[in-house]
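**Student:** Below you'll find the structure I mean.
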Amino acid sequence: MISEKKSKRGVFLALVCVCVLLALTIVLENTLDPIKNTILFTVLKKGAVYALVACSMNLLNGFTGLFSLGQAGFMLLGAYTYAILTIPVDQKAAVYYLFGGSAVGFSLPDLFGGADSPVGLILGVVLALILGGVVAAGVAWLIGLPVLRLKSDYLAIATLGFAEIIRAVFQWEKLGPVTNGANALKNFPTFTSFNVKDASGAVVLRLSTFVAFLIAAICIAVILLLINSSYGRAFKAIREDEVAAEAMGINLAKHKRLSFCISSFFAGVGGGMFAMFANQAQAKTFTTAMTYEILLIVVIGGIGSISGSCIASFLYVAASEWWLRFLDSETQLTSIFGFQLAKPFKVPLLRNGFRMVVFSIIIMIVVLFFRRGLMGDKELPDLLRKRRTAKKKGGGDRG
């Protein structure tokens, strides 16, 4: 009874925190200058996308114990499905001009009244994102039949190969009327399409960052509910000991395939969101390096911690895209501590690419001193509860 009350209290606090965070994004976006703070909102939107994809990867790698490296491939499927289904009909000729038009003669937002209407935009985008996830999950189910028989490194190599094959297939010229070949898909609704405008076209309410956070929050909440369900407990049992899990009556093949498909579904949704963030969908963007970035975020945050994946996503994106950017540009000092120098002093090592060197060293330090990641396998409510308990014990001892 007491544990149920604690669980309900934790869910309520988490819901309140998410609502406050969403409200804060609206306030920030409509208070700060969007031009001067472009990099801040870029980090927030990309961080939200990466948080969802990292949580989907953690569901598979951290909670089920299946080492997969195919996340970029599933993101690609979701991004292309979203883009193909949301490009307005009147824009298809301009996008597919090299192939004489698109083989897909409709657009989901147009079916509901067009992307200019709130109903058409919301329904079209939501349905396209869901379908992007469904396509990714469907492909995951197909390749999971033979691939999930493999274990450990062999599974990682197989899924990594799948991602590379998918990327090559989508750039095939014969699929040009659908995928636009090696060219980018553009002109579909993005996060900025949700900004509210007046009759003259001026933005009166910015909601682009809010929409990114809202979609990511809903998807991550579903992942959390799944982890805390009977299916989630079965996934954890498989991770701990497959033989013992099977002895308890858990169907290994069924639950592995289910975890693989669900993880791929949310990776596909994340791919659609990445296309909305980048304002385009192009196969060459979803490289192996992107999968390694997501895996790195999972490791830094803590394998088996959804909170850790979310926190690490924003830290990683902020460090790589914002805080360390100055290391990529040459700098000359004309004065030091107010003293004028006779000759401009060129700071050594600062040049294009040095940012990644420093970033790699920082990651090595984090991994060395936080071997289980920032959060380990704990969630934020667990740490807050532990701290509260420690304070009560401390107060009791003093008494």
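The values are calculated or read from the model by the stated rules, or taken from the named source; none is laboratory data. Just so it is clear, the structure is predicted and the values come from calculations on it, not from any experiment. So basically every Cβ, Gly included, is an ideal-geometry build from the backbone, and we count neighbours across all protein chains shown. When the accessible area is computed, the model is the full protein with side chains, heavy atoms only, and any ligands, DNA or RNA have been set aside. Shrake-Rupley method; radii C 1.70, N 1.55, O 1.52, S 1.80 Å.
**Student:** Please go through region 351-369 and give me each residue that is aromatic (Phe, Trp, Tyr) and open to solvent by less than 70 Å² (accessible area, probe 1.4 Å), ordered by number. Spell out the reasoning first.
**Tutor:** Kept after step one, since they are aromatic (Phe, Trp, Tyr), are these residues of region 351-369: 354, 359, 369.
Answer for region 351-369, where residues must be aromatic (Phe, Trp, Tyr) and open to solvent by less than 70 Å² (accessible area, probe 1.4 Å): PHE354, PHE359.
**Student:** Please go through region 25-38 and give me each residue that is surrounded by 13 or more Cβ atoms within 10 Å (Cβ to Cβ) and either in a loop (DSSP other than H, G, I, E, B) or in contact with a Phe, Trp or Tyr (Cβ under 9 Å, 6 or more places away or on another chain) (or both), ordered by number.
**Tutor:** So the first thing to find is which residues in region 25-38 are surrounded by 13 or more Cβ atoms within 10 Å (Cβ to Cβ), and the list is 25-26, 28-30, 32, 34, 37.
Listed by number, the residues that qualify are THR25, ILE26, LEU28, GLU29, LEU32, PRO34, ASN37.
**Student:** Here are some residues: LYS186, LYS197. Which one is modelled with pLDDT of 90 or more and among the basic types (Lys, Arg)?
**Tutor:** Numbers: LYS197 fails: modelled with pLDDT of 90 or more.
Every option except LYS186 fails the conditions.
**Student:** Outside any loop (DSSP other than H, G, I, E, B), at pLDDT 90 or above and open to solvent by 60 Å² or more (accessible area, probe 1.4 Å): is that true of VAL178 in this structure? Explain how you work it out, then say what you get.
**Tutor:** Numbers: outside any loop (DSSP other than H, G, I, E, B): yes; at pLDDT 90 or above: yes; open to solvent by 60 Å² or more (accessible area, probe 1.4 Å): no.
Against the criterion (outside any loop (DSSP other than H, G, I, E, B), at pLDDT 90 or above and open to solvent by 60 Å² or more (accessible area, probe 1.4 Å)), VAL178 does not qualify.
**Student:** Let me ask something additional. Could you please let me know if LEU155 is open to solvent by less than 20 Å² (accessible area, probe 1.4 Å) and either under 20 Å from ALA267 (Cα atoms) or free of Cβ contacts under 8 Å to residues at least 60 places away in the same chain (or both)?
**Tutor:** yes
**Student:** State which residue pairs qualify: first residue closer than 12 Å to VAL269 by Cα and inside region 73-86, second residue hydroxyl-bearing (Ser, Thr, Tyr) in any location, beta carbons under 7 Å apart, and separation of 6 or more residues or different chains.
**Tutor:** PHE74/SER264; TYR80/THR179
**Student:** Could you tell me which numbered condition TRP172 fails, if it satisfies all but one of (1) among the aromatic types (Phe, Trp, Tyr); (2) closer than 18 Å to CYS261 by Cβ; (3) open to solvent by 60 Å² or more (accessible area, probe 1.4 Å)?
**Tutor:** (2)
**Student:** Name the residues in region 49-89 that are surrounded by fewer than 24 Cβ atoms within 10 Å (Cβ to Cβ), closer than 22 Å to VAL126 by Cβ and of a type outside the set (Val, Ile, Thr), would you?
**Tutor:** Residues satisfying the conditions are LEU85, PRO88.
**Student:** Between GLY304, GLY271, GLY249, which is on the phi > 0 side of the Ramachandran plot and either touching a Phe, Trp or Tyr at 6+ places or on another chain (Cβ under 8 Å) or modelled with pLDDT of 95 or more (or both)? Before the answer, list the steps.
**Tutor:** Values: GLY271 fails: on the phi > 0 side of the Ramachandran plot; GLY249 fails: either touching a Phe, Trp or Tyr at 6+ places or on another chain (Cβ under 8 Å) or modelled with pLDDT of 95 or more (or both).
That would be GLY304, the only listed residue that is on the phi > 0 side of the Ramachandran plot and either touching a Phe, Trp or Tyr at 6+ places or on another chain (Cβ under 8 Å) or modelled with pLDDT of 95 or more (or both).
**Student:** Could we say that LEU324 is open to solvent by 70 Å² or more (accessible area, probe 1.4 Å), at pLDDT 70 or above and within 30 Å of ALA217 (Cβ to Cβ) here?
**Tutor:** On the way: open to solvent by 70 Å² or more (accessible area, probe 1.4 Å): no; at pLDDT 70 or above: yes; within 30 Å of ALA217 (Cβ to Cβ): yes.
So LEU324 fails the test.
**Student:** Hey, GLY161 hits all of (1) within 21 Å of SER208 (Cβ to Cβ); (2) free of Cβ contacts under 8 Å to residues at least 40 places away in the same chain; (3) in a helix (DSSP H, G or I); (4) among the small types (Gly, Ala, Ser) but one; which does it fall short on?
**Tutor:** Among (1) within 21 Å of SER208 (Cβ to Cβ); (2) free of Cβ contacts under 8 Å to residues at least 40 places away in the same chain; (3) in a helix (DSSP H, G or I); (4) among the small types (Gly, Ala, Ser), the lone unmet condition for GLY161 is (1).
Each row is one residue, and each column tells you yes or no for (1) assigned to a helix (DSSP H, G or I); (2) within 30 Å of PRO189 (Cβ to Cβ); (3) among the β-branched types (Val, Ile, Thr); (4) free of Cβ contacts under 8 Å to residues at least 60 places away in the same chain.
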residue: PHE235; (1), (2), (3), (4): yes, no, no, no
residue: ALA245; (1), (2), (3), (4): yes, no, no, yes
residue: ALA253; (1), (2), (3), (4): yes, no, no, no
residue: ARG257; (1), (2), (3), (4): yes, no, no, no
residue: MET273; (1), (2), (3), (4): yes, yes, no, no
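**Student:** Among the residues of region 26-71, count how many are over 30 Å from ALA245 (Cβ atoms) and either among the small types (Gly, Ala, Ser) or in contact with a helix residue (DSSP H, G or I) (Cβ under 8 Å, 6 or more places away or on another chain) (or both).
**Tutor:** First pass over region 26-71, keeping only residues over 30 Å from ALA245 (Cβ atoms): 26-50.
Adding the requirement that they be either among the small types (Gly, Ala, Ser) or in contact with a helix residue (DSSP H, G or I) (Cβ under 8 Å, 6 or more places away or on another chain) (or both) leaves 26, 28-29, 32, 34, 39-50.
Here the count works out to 17.
**Student:** Whether any residue in region 10-20 is out of contact with any Asp or Glu (no Cβ under 8 Å at 6 or more places or on another chain), among the aromatic types (Phe, Trp, Tyr) and open to solvent by less than 10 Å² (accessible area, probe 1.4 Å) is what I want to check. Quick ask: steps written out before the conclusion?
**Tutor:** Here is the first cut: in region 10-20, the residues out of contact with any Asp or Glu (no Cβ under 8 Å at 6 or more places or on another chain) are 10-20.
Right, trim to among the aromatic types (Phe, Trp, Tyr) and you get 12.
Checking the rest, the ones that are also open to solvent by less than 10 Å² (accessible area, probe 1.4 Å) come to none.
No.
**Student:** Looking for whichever is under 30 Å from PHE41 (Cβ atoms), modelled with pLDDT of 90 or more, open to solvent by less than 30 Å² (accessible area, probe 1.4 Å) and in contact with a helix residue (DSSP H, G or I) (Cβ under 8 Å, 6 or more places away or on another chain) here; the options are ILE215, ILE220. Which one fits? Working first, answer last.
**Tutor:** Numbers: ILE215 fails: open to solvent by less than 30 Å² (accessible area, probe 1.4 Å).
The unique qualifying residue is ILE220.
**Student:** Now for a different question. Of the residues that sit in region 283-321 and are open to solvent by 30 Å² or more (accessible area, probe 1.4 Å) and not in a helix (DSSP H, G or I), which one is nearest to PHE67 (Cα to Cα)?
**Tutor:** The residue in question is ILE303.
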